[in-house]
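The values are calculated or read from the model by the stated rules, or taken from the named source; none is laboratory data. All values reported here derive from a predicted model rather than from experimental measurement. Note that we place each Cβ from the backbone using ideal geometry, even for glycine, and neighbour counts take in every protein chain shown. For accessibility, only protein heavy atoms count, side chains too; no ligands or nucleic acids. Shrake-Rupley method; radii C 1.70, N 1.55, O 1.52, S 1.80 Å.
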Amino acid sequence: MSIANTQLRTLIQREVLRFVRRPYNTFLPPLITNVLYFSVFGVILGSRIGSVGDVTYIQFVLPGLVVLGAMSNAFENASFSIFHGRWNEYIHEVITSPLSHTQTVGGYVISSALRGIIIGGLIVAVGFLFTTVPFAHPLYLLSFGVVTTTLFAGLGIIGGLWAEDFDHLTVMNQFLLRPLVFFGGVFYSLDQLEGLAYTASLLNPMVYMVNGVRYGMIGVTEINPNTSLLVLSGAAVVVLAIDLFLFKRGYGISD
């Protein structure tokens, strides 16, 4: 095994251990938050709304909550790790290692995407306490999970390189990413929208993520899953290319 491969494995291991060793910060908050989501939106409102198409409202909402948890954690892990490394100047040890820029980006993306997938799985487990999940198309579910977390891990790297303080990280997560999710068809059907509102929704990448995961979990979608997967895969490739470009330029790292 080459030195570069050893250090890539070490980088991934370090990043994974960083969030695994702090379960109260990593795993407990999304579990509590989603118990509240399911209780309010699934049980209380769901009993009044009834069903959406052929599925119960709580089954309809579940995939969107999985996307919200997975993408938020993938973004947070990458952005915080990069920014914290810059802040405390230990990221230079990674930059000066035998790792290529591609391997460095890959290490941060893989570890962050893994955190997102783990959180998504935990949210599904919480959902089992409130409803059933048929897993209609597991391969699509896995594909959308990997692409979504990879995309937001890549965006997290950009955020971590751009941020000048911790407040910037909070602003991006709370005021940019989460609103896109809530307007991405998590709690409502696109069929309820008309005209400009419907067209504008199609410009929101969250719509494709939510519908893709929804198709994989319960077999319901309002957008062709292959189209959604193609759009998201293209976006992920573009974002990863930007990550690589920024690392090569030393953006946010070199003075």
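Residue 100 passes every criterion in (1) surrounded by fewer than 21 Cβ atoms within 10 Å (Cβ to Cβ); (2) in contact with an Asp or Glu (Cβ under 9 Å, 6 or more places away or on another chain); (3) hydroxyl-bearing (Ser, Thr, Tyr) apart from (2).
Pick out the one residue from 82, 58 that is in contact (Cβ under 8 Å) with a residue 24 or more places away in the chain, assigned to a helix (DSSP H, G or I) and open to solvent by 10 Å² or more (accessible area, probe 1.4 Å). Before the answer, list the steps.
Values: 82 fails: open to solvent by 10 Å² or more (accessible area, probe 1.4 Å).
One residue alone meets the criteria, 58.
The residues of the stretch 29-58 that are within 17 Å of residue 220 (Cα to Cα) and more than 23 Å from the chain's Cα centre (by Cα), listed by number, are 50, 51, 52, 53, 54, 55, 56. If you go through the stretch 140-160 and keep only what is in contact (Cβ under 8 Å) with a residue 40 or more places away in the chain and of a type in the set (A, V, I, L, M, F, W, C), you end up with 141, 142, 144, 147, 151, 152, 153, 155, 157, 158. Can you find a residue in the stretch 1-11 that is closer than 30 Å to residue 221 by Cβ, in contact (Cβ under 8 Å) with a residue 40 or more places away in the chain and out of contact with any Ser or Thr (no Cβ under 7 Å at 6 or more places or on another chain)? Among the residues of the stretch 1-11, not one is closer than 30 Å to residue 221 by Cβ, in contact (Cβ under 8 Å) with a residue 40 or more places away in the chain and out of contact with any Ser or Thr (no Cβ under 7 Å at 6 or more places or on another chain), which makes the answer no. Here is the figure for the stretch 1-21: residues that are under 18 Å from residue 121 (Cβ atoms) and either modelled with pLDDT under 85 or loosely packed, with under 13 Cβ neighbours inside 10 Å (or both) total 0.
How many residues, within the stretch 182-207, are over 17 Å from residue 58 (Cα atoms), open to solvent by less than 30 Å² (accessible area, probe 1.4 Å) and among the hydrophobic types (A, V, I, L, M, F, W, C)?
Our first condition is that a residue be over 17 Å from residue 58 (Cα atoms); within the stretch 182-207, this holds for 183, 191-207.
Keeping just the survivors that are open to solvent by less than 30 Å² (accessible area, probe 1.4 Å) gives 201, 204, 206-207.
Checking the rest, the ones that are also among the hydrophobic types (A, V, I, L, M, F, W, C) come to 206-207.
So the count comes out to 2.
The one condition from (1) farther than 19 Å from residue 150 by Cβ; (2) modelled with pLDDT under 95 that residue 100 does not meet is (1). The residue pairs whose first member lies in the stretch 167-184 and is in contact (Cβ under 8 Å) with a residue 24 or more places away in the chain, whose second member is loosely packed, with under 15 Cβ neighbours inside 10 Å, and whose beta carbons are closer than 9 Å, counting only pairs six or more residues apart or on different chains, do not exist in this structure. Looking across the stretch 115-169, the residues that are open to solvent by 10 Å² or more (accessible area, probe 1.4 Å), over 14 Å from the mean Cα position of the chain (by Cα) and of a type outside the set (A, V, I, L, M, F, W, C) come down to 131, 132, 134, 137, 138, 140, 164, 165, 167, 168. Among the candidates 89, 93, single out the residue that is on the phi > 0 side of the Ramachandran plot and surrounded by fewer than 24 Cβ atoms within 10 Å (Cβ to Cβ). On inspection, the qualifying residue turns out to be 89.
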